[in-house]
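Bear in mind that the values in this text are calculations on the coordinates, not laboratory data. Bear in mind that the values here come from a model prediction, so they are computed numbers and not experimental data. All Cβ positions, glycine included, derive from the backbone under ideal geometry; neighbour counts span all protein chains shown.
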Amino acid sequence: MSEGVRPGRSSGAGAYELLLEAMEAGTLPAGTRLREAELAERFGISRTPVREALKRLEAQGLVLHEPHHGAVVASLDYGQMTELYHMREVLEGTAAGLAATHATTTEIEILREMVERDRGLLKDPAALAATNRSFHRQIRLSARNRFLNTSLENMRISLALLARTTLATPERGAESVEEHAAIVAAIEARDAARAEEAARRHMRNAFKARIRLEHADGQG
């Protein structure tokens, strides 16, 4: 699907986006049973696009069929999560480095505005998580590499399976925003190496925050 054009919510693609956004927001967490009728009523659409969306999500590994339970939201084990963050570090770093070369002045201004806006959202983890996704999307679009963009979009889909946002952990929201600021500063300076390292460091810190969150959930 192209970046700027959203499908109608009554289409299969529209239902897919609604379900994926609900997973990203944590309102459809891992293990949730996915019943067509309930989802159709919840989103105000018919069952046909919901059925199409569930088939697409299943093909991507986000939905599983369990015996006696039917369709459920999948989950990532520790090994899969580690692999995902390793690839995030590589790909997000590459995107930031390319953005330092290809981003326009207007795109850099937009990135700066995003950082300033996010400084005002530190007490709202859900809103900060949504704008965090927008920030990384803008970085990858500024990189001007369609193959990298596709890889990062596929990764964004897998990230929907991670429970809760790490930005809700103490201090992580503020740290993340300042890490974004460092990435933007390097992009604005047209320093590809520094931009890539700043993005890689950001991903390493995000992974550490995720591990701490997983440990905290295990103790609960």
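Given the options A181, A40, A100, state which has the largest fluctuation in a GNM of the chain using a 10 Å cut-off (strictly under) for Cα springs.
A40
Compute a Gaussian network model of the chain, connecting alpha carbons closer than 10 Å, and tell me which residue from E38, E197, E92 fluctuates the most.
Of E38, E197, E92, the Gaussian network model singles out E38 as fluctuating most.
Pairing the Cα long axis of helix 12-25 with the longest principal axis of the chain, what angle in degrees results, from 0 to 90 and rounded to the nearest 10?
70 degrees
Using only Cα atoms, tell me the angle between helix 105-119 and the longest principal axis of the chain; keep it within 0 to 90° and round to the nearest 10.
70 degrees
Within the range 126-162, which residues have the backbone N less than 11 Å from the label spot 7 Å out from Q60 along Cα→beta-carbon, could you tell me?
It comes to 153-161, nothing else.
Once you've got the GNM for the chain with C-alpha springs shorter than 10 Å, pick whichever of H68, H202, H86 has the biggest mean-square fluctuation.
H68
Quote the FRET efficiency, to the nearest 0.05, computed for F147 versus H68 with a Förster distance R0 of 41 Å and r equal to the Cβ-Cβ distance.
My answer for the efficiency is 0.50.
Rounded to the nearest 500, what is the chain's calculated 222 nm mean residue ellipticity when only DSSP H runs of at least 4 contribute -39500 (n - 2.57) each, over all residues?
Calculated at 222 nm, the ellipticity per residue is -23000 deg cm²/dmol.
Mind checking the angle between helix 47-59 and the chain's longest principal axis? C-alpha axes, 0 to 90 degrees, to the nearest 10.
Helix 47-59 sits at roughly 60 degrees to that axis.
Once the Cβ-Cβ distance between E83 and R35 is put in as r, and R0 is 35 Å, what FRET efficiency do you end up with, to the nearest 0.05? Intermediate results must be reported in sequence, preceding the final value.
Values: r = 31 Å, r/R0 = 0.88.
Once the sixth-power term is evaluated, E becomes 0.70.
Under a point spin-label approximation (7 Å from Cα along Cα-to-Cβ), what is the R119-T101 distance to one decimal in nm?
3.1 nm
Please identify the GluC sites (Glu not before Pro) of the range 149-188 that satisfy two criteria: DSSP loop assignment and at most 14 other Cβ atoms within 10 Å. Which are they? Mind dumping the intermediate values first?
Numbers: sites: E153, E171, E175, E178, E179, E188; in loops: E171.
Of the GluC sites (Glu not before Pro), the ones in loops of the range 149-188 whose Cβ has at most 14 other Cβ atoms within 10 Å are E171.
Between the range 147-164 and the range 165-212, what's the alpha-carbon centroid distance in Å?
When both Cα centres are located, 17 Å separates them.
Using 0.36 nm per residue, how much length does the chain from A174 to A130 gain when fully extended, once their Cα-Cα distance is taken away? Please list the in-between numbers first.
Working: separation 44, 0.36 × 44 = 15.84 nm, distance 1.49 nm.
Computed gain between A174 and A130 is 14.3 nm.
So for the chain, taking the charge dipole from beta-carbon charges (+1 Lys/Arg, -1 Asp/Glu), which of P125, A37, N154 sits furthest toward the positive end?
Most positive-ward Cα: A37.
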